[in-house]
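The values are calculated or read from the model by the stated rules, or taken from the named source; none is laboratory data. Just so it is clear, the model here is predicted, and its values are computed rather than measured. Don't worry about glycine lacking a Cβ; one is built from the backbone with ideal geometry, like all the others, and counts go over all protein chains shown. Heavy atoms of the whole protein, side chains included, go into the accessibility calculation; ligands, DNA and RNA do not. Shrake-Rupley method; radii C 1.70, N 1.55, O 1.52, S 1.80 Å.
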Amino acid sequence: EELFIAPKAGSAEGIVHATMPLVFQGILIEDFWLRFEGGKVTELHAEKNEEALRTLVSMDEGAAMLGECALVPYDSPIRNSGIMFYNTLFDENAACHLALGEGFTNCIKDYEKYTLEQCREMGINSSMIHEDFMIGSQDLDITGICENGDKVAIFKEGNWAF
């Protein structure tokens, strides 16, 4: 299955499966997936602690939307250590990951010239939360689509394609 993310607010479409557990408010959420429609989580399931996942995406209006997309190769030092830290600050460096909630304004060129409100108008998500969850795996392929429609391999089998 695929998740399509375009560089504008409200454009995530599809299903994404977590490849590592998520610890949220001290609760371990395992084996979960999220369906995005119109940029927002519309359906979800977790084999363990689904109610905590539902709480997470309902914290506020922006909690069910993406605030980050990070590309981390499968062959990273943290993943290669074989240790699951159960702490996102470490575990996020083991795999490609997405975050629900608050987005980063410094992703906008010359962001310091804009007010927070202007950054929000340009698509930076607003939320009281920012929760990373890992999606990277050894078989993850990521394809970029250029403005002219050309397709470029970004990740192949979990690592950089170039």
Can A46 be described as small (G, A, S), farther than 25 Å from F104 by Cα and in contact with a Phe, Trp or Tyr (Cβ under 7 Å, 6 or more places away or on another chain)?
-> yes
Would you point out the residue of the stretch 141-157, among those that are assigned to a strand (DSSP E or B), open to solvent by less than 60 Å² (accessible area, probe 1.4 Å) and free of Cβ contacts under 8 Å to residues at least 60 places away in the same chain, that is farthest from A70 (Cα to Cα)?
-> A153
Pairs returned, first residue in the stretch 85-103 that is free of Cβ contacts under 8 Å to residues at least 24 places away in the same chain, second residue that is part of a loop (DSSP other than H, G, I, E, B) and of a type in the set (S, T, Y), beta-carbon separation under 8 angstrom, 6 or more apart or interchain, are N93/S76
Search result, residues across the stretch 110-140 that are open to solvent by 80 Å² or more (accessible area, probe 1.4 Å), under 20 Å from S11 (Cα atoms) and in a loop (DSSP other than H, G, I, E, B) = M122
Kindly state which strands (runs of 3 or more DSSP E) lie completely within the stretch 1-96 and contain at least 3 residues that are aromatic (F, W, Y) and either open to solvent by 20 Å² or more (accessible area, probe 1.4 Å) or touching a strand residue (DSSP E or B) at 6+ places or on another chain (Cβ under 9 Å) (or both).
-> 27-37
